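Everything below concerns the one structure shown next.
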């Protein structure tokens, strides 16, 4: 008797990859214990995030701080999504230097133009150029090639190392350290939102950037300019 269909095996493999540290064989056994044999697409489609948390609880092969974004992505794979998304936005034409004073921002995304990805499991990074008067999508970078690297967090960091900021739903401490070493500033945005909605909030700060953003932009924060002027007057 067939214990698992080929389609179900593919779904489980994709879900295991989304969960980052899960052992695919152990994961398959746990699913079989929960759902019974044979494992089929119909059975996998019944799973919820709560079911997956229960299945993974106590497993040594899973990170203790497994994030909800990764769990949701894994469940979608178990339901039959394959990472393809016909709604992925198309990049706009862009020439280097055409938006002076702008920032390059990567957005971890799983669906369409949403900011809805965990750094370590998002299926793509949407790369935007963000200026005071314009937000432009300039690239879409799938992460599959990075996941084949020995250290995928380093590889993902290198994938966006021309950006100054990366927006993510969540990111672990070790991964964040690697992102920072690549010269990119990670920002958590826990609730899924359209990417441009999050970037529009960033855009409103460009005229008077807070100190952390001023450092990234290489300009003086307006909040510090007053003190600089007082120092000049006292000199």
* Asked: Over the stretch 6-79, what relative contact order in percent results from Cα pairs under 8 Å that are six or more residues apart?
  -> 49
* **Mean Cβ neighbour count within 10 Å, used as a protection proxy, ranking 3-10, 166-173, 104-111 highest first** => 104-111, 166-173, 3-10
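Order these peptides, 70-78, 189-197, by their mean beta-carbon neighbour count within 10 angstrom, highest first.
Working: 70-78: 23.0, 189-197: 15.4.
Packing proxy ranking, top to bottom: 70-78, 189-197.
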* Asked: Ranked highest first by average number of other Cβ atoms within 10 Å, how do 46-56, 118-128, 21-31, 150-160 line up?
  -> 118-128, 150-160, 21-31, 46-56
* How big is the stretch 6-79 in terms of Cα radius of gyration and Dmax, in angstroms? -> 10.8, 31
* Kirkwood-based shape ratio for the stretch 103-217, expressed as Rg/Rh from alpha carbons -> 0.94
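Just so you know, all these numbers are worked out from the coordinates, no wet-lab data involved. No experiment lies behind these values; they were computed from the predicted model shown. Positions of Cβ are generated from backbone atoms using ideal geometry, with glycine treated the same way; all protein chains shown enter the neighbour counts.
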